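Visitor: Supplied in structure tokens, the structure appears directly below.
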Amino acid sequence: MSFRIAILQFDPVRNDVEQNIRTIEHHLAVIQADLIVLPELANTGYLYSSPKAIEPYAEECAESSPFISALGKLAQQSKSTIVAGYAEKANKCLYNSAIAISPNGILANYRKTHLFHNEKDLFAPGNTGFITFEWKGVSIGMMICFDWIFPESARTLALSGAQIIAHPANLVLHLCQDAMITRSVENRVFTVTANRIGTEQLEGTSLDFTGRSQITDPFGTVLYQAPKDKPVLHSLEIDPDLALNKDITNRNNLFQDRRPAFYYQ
Ligand code: ACM
């Protein structure tokens, strides 16, 4: 089966959701795809000094919220499901979340399980667990940025049936792109890491984001890697059914050969 995946890598601007919406609209103006993945916190940018500072730009998980509503229109226009990171507010809590929105509306909302560094001062730890959803007959899972360093994240999604892992990111550690090759191989899944570019500075902290958004197939082949410092929209065709076969040899199956009795919890 043929399924078109797109990655949008860009430089979200802090404190300006409208500007970020305009940038995304500009890049996605003519694309047709099945799945489009955007970076983490694509509505707000990354560095904030306190929950109070980011709260005005966070939004509820609702089709009427400004950022999600703009994504919904783009999903209709592109006939695609869009997975995008955003700052979510819910019940007086803030979450670092990823929305999956199709032309028919919201399919899933994931709240980041493993918060990185000072994100712990802004967001509550995610309480959704790892989520898969179905779109055009394909099972898609979501994880966000730093979730990559915990192999359990991708493993849980793969064991839940995910053929593709959509991975919005704001990466600052340089090893993730290499590690995602392993995540693909050890789970026989496609991984789609949509990273951001640029630098953010706040109160003596400066973060350089690593770009190099990447699409990797279930055998570890990097199908696409973006440049480290340029905005880019890139799409390619994959066959998601390649992720359904977990046989490594005629005597080894990735899932059936596991020995959970010998694994620590
Ligand atoms: C990260 O999780 N944004 C590094």
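The values are calculated or read from the model by the stated rules, or taken from the named source; none is laboratory data. This structure is a prediction, so every number in the text was calculated from the model and none was measured. All Cβ positions, even for glycine, are placed from backbone atoms using ideal geometry, and neighbour counts span all protein chains on display. Side chains included, ligands, DNA and RNA excluded: accessible areas come from the protein's heavy atoms. Shrake-Rupley method; radii C 1.70, N 1.55, O 1.52, S 1.80 Å.
Visitor: Listed residues P39, P12, P103; which is away from the ligand (no atom under 16 Å from the Cβ), at pLDDT 95 or above and not hydrophobic (A, V, I, L, M, F, W, C)? Let's see the steps before the verdict.
Guide: Numbers: P39 fails: away from the ligand (no atom under 16 Å from the Cβ); P12 fails: away from the ligand (no atom under 16 Å from the Cβ).
None of the others qualify; the one that does is P103.
Visitor: Just checking, which of A261, A243 is touching a residue at least 60 places away in the same chain (Cβ under 8 Å) and either out of contact with any strand residue (DSSP E or B) (no Cβ under 7 Å at 6 or more places or on another chain) or surrounded by 15 or more Cβ atoms within 10 Å (Cβ to Cβ) (or both)?
Guide: Working: A261 fails: touching a residue at least 60 places away in the same chain (Cβ under 8 Å).
The conditions single out A243.
Visitor: List pairs: first in segment 112-135 and over 18 Å from C93 (Cβ atoms), second open to solvent by less than 20 Å² (accessible area, probe 1.4 Å) and charged (D, E, K, R), Cβ under 9 Å, 6+ apart or cross-chain?
Guide: The qualifying pairs are F130/D147.
Visitor: Quick one: which of H167, H174 is farther than 15 Å from L244 by Cα and open to solvent by 10 Å² or more (accessible area, probe 1.4 Å)? Quick ask: steps written out before the conclusion?
Guide: Details: H167 fails: open to solvent by 10 Å² or more (accessible area, probe 1.4 Å).
It is H174.
Visitor: Which pairs have Cβ atoms under 7 Å, sit 6 or more apart or on different chains, and link a residue in segment 150-167 that is of a type in the set (S, T, N, Q) and at pLDDT 95 or above to one that is part of a loop (DSSP other than H, G, I, E, B) and open to solvent by 60 Å² or more (accessible area, probe 1.4 Å)?
Guide: Between residues of segment 150-167 that are of a type in the set (S, T, N, Q) and at pLDDT 95 or above and residues that are part of a loop (DSSP other than H, G, I, E, B) and open to solvent by 60 Å² or more (accessible area, probe 1.4 Å), the close pairs are Q163/L244.
Visitor: Could I ask something else about it? Residue by residue through segment 158-172, note down the ones that are more than 16 Å from the ligand (Cβ to nearest atom) and either under 19 Å from D239 (Cβ atoms) or outside any helix (DSSP H, G or I) (or both).
Guide: Let us first name the residues in segment 158-172 that are more than 16 Å from the ligand (Cβ to nearest atom), namely 158-164.
Those that are more than 16 Å from the ligand (Cβ to nearest atom) and either under 19 Å from D239 (Cβ atoms) or outside any helix (DSSP H, G or I) (or both): A158, S160, G161, A162, Q163, I164.
Visitor: Next question. Taking helices (runs of 4 or more DSSP H) that fall entirely within segment 2-107, which contain at least 3 residues that are surrounded by 21 or more Cβ atoms within 10 Å (Cβ to Cβ) and in contact (Cβ under 8 Å) with a residue 12 or more places away in the chain?
Guide: 17-27, 66-78
One line per residue, one yes/no per condition, for (1) at pLDDT 95 or above; (2) open to solvent by less than 70 Å² (accessible area, probe 1.4 Å); (3) closer than 12 Å to P168 by Cα:
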| position | (1), (2), (3) |
| --- | --- |
| A194 | yes, yes, yes |
| I197 | yes, yes, no |
| G204 | no, no, no |
| D208 | yes, no, no |
| S213 | yes, yes, yes |
| P218 | yes, yes, no |
| V222 | yes, yes, no |
| Q225 | yes, no, no |
| K230 | yes, no, no |
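Visitor: I've got another one for you. Name the residues in segment 111-157 that are away from the ligand (no atom under 13 Å from the Cβ), part of a loop (DSSP other than H, G, I, E, B) and open to solvent by less than 40 Å² (accessible area, probe 1.4 Å), would you?
Guide: Selection gives A124, G129.
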